[in-house]
Amino acid sequence: AIASAALLTGEGETVRAFATEDTRTHAEVLAPGIRALLDGAGVQPAQLDALVVGVGPGPFTGLRSGIATARTLAFAWHKPLHGVMSLDAIAAEAGPAARAAGQAEFVAATDARRREVYWARYGTDGQASAGLPGLLDGPHVGPASEVPALPAYGRGAGLYPDQLAAAAGFEDVQPTAEALGRTAAARLAQGLPLLDTTPLYLRESDAKVPGPRKRAL
């Protein structure tokens, strides 16, 4: 998972963006990175129309950090906040290539660790005419062997080339802030709904509440 932020126009064009591959510093880098992003573009928070945040599926720590930061900024800046599923963002980026290849259906997949992937199945009909693939099934989490035998887009597909038919050029694609923003802009332009900021964890946390201490004799 990466920590990223981007400033986009209402048409989905990127003004500025940053990303870090360090998965241990999401909380530390996001707020300062966003501040530097706005300062570099000469934009004040009051000039923003809305905020968008990825809601997963993804790991607990990364999702919590991103969503908490977005909720805090939206509250402080009095701005509307929208959620976008990460797999939808990958599918939106993959849509043109899938249609050009004549693929009626495909899957978007990201790394879920534990030798599993987060995935969802999409169709290139319906909303595709407006530029967005339609969600047919998912999201799910599980072994790559359980993913339908369809062309696969995203880093999850690149990690398991023996089990998933990774689309060339999309083996390392991850849901960046730019992709999330472009997806949100496209959906809003077409009058399609966006999500709230409820995180899509899909599985239980590794952290467990300790049980009662045993009595010592």
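A few points about this structure:
- Residue-level check: of (1) touching a helix residue (DSSP H, G or I) at 6+ places or on another chain (Cβ under 6 Å); (2) open to solvent by 50 Å² or more (accessible area, probe 1.4 Å), Glu105 misses just (1).
- Complete set of residues in the stretch 163-189 that are open to solvent by 70 Å² or more (accessible area, probe 1.4 Å) and among the polar types (S, T, N, Q): Gln163
- For His78: the one exception among (1) touching a Leu at 6+ places or on another chain (Cβ under 8 Å); (2) open to solvent by 60 Å² or more (accessible area, probe 1.4 Å): (1)
- In summary, Ala6 fulfils each of the numbered conditions (1) among the small types (Gly, Ala, Ser); (2) in a helix (DSSP H, G or I); (3) open to solvent by 10 Å² or more (accessible area, probe 1.4 Å); (4) under 21 Å from Pro175 (Cα atoms) with the single exception of condition (2).
- As a summary of the residue check, Ala98 satisfies the conditions (1) open to solvent by less than 10 Å² (accessible area, probe 1.4 Å); (2) farther than 22 Å from Leu136 by Cβ; (3) over 16 Å from the mean Cα position of the chain (by Cα) except for the one numbered (2).
The values are calculated or read from the model by the stated rules, or taken from the named source; none is laboratory data. Here the structure is a predicted model, which is why all the values come from computation and not from measurement. A quick note on method: Cβ atoms are made from the backbone with ideal geometry, for glycine too, and the neighbour counts reach across all protein chains shown. Only protein heavy atoms, including side chains, enter the accessible area calculation; ligands, DNA and RNA are left aside. Shrake-Rupley method; radii C 1.70, N 1.55, O 1.52, S 1.80 Å.
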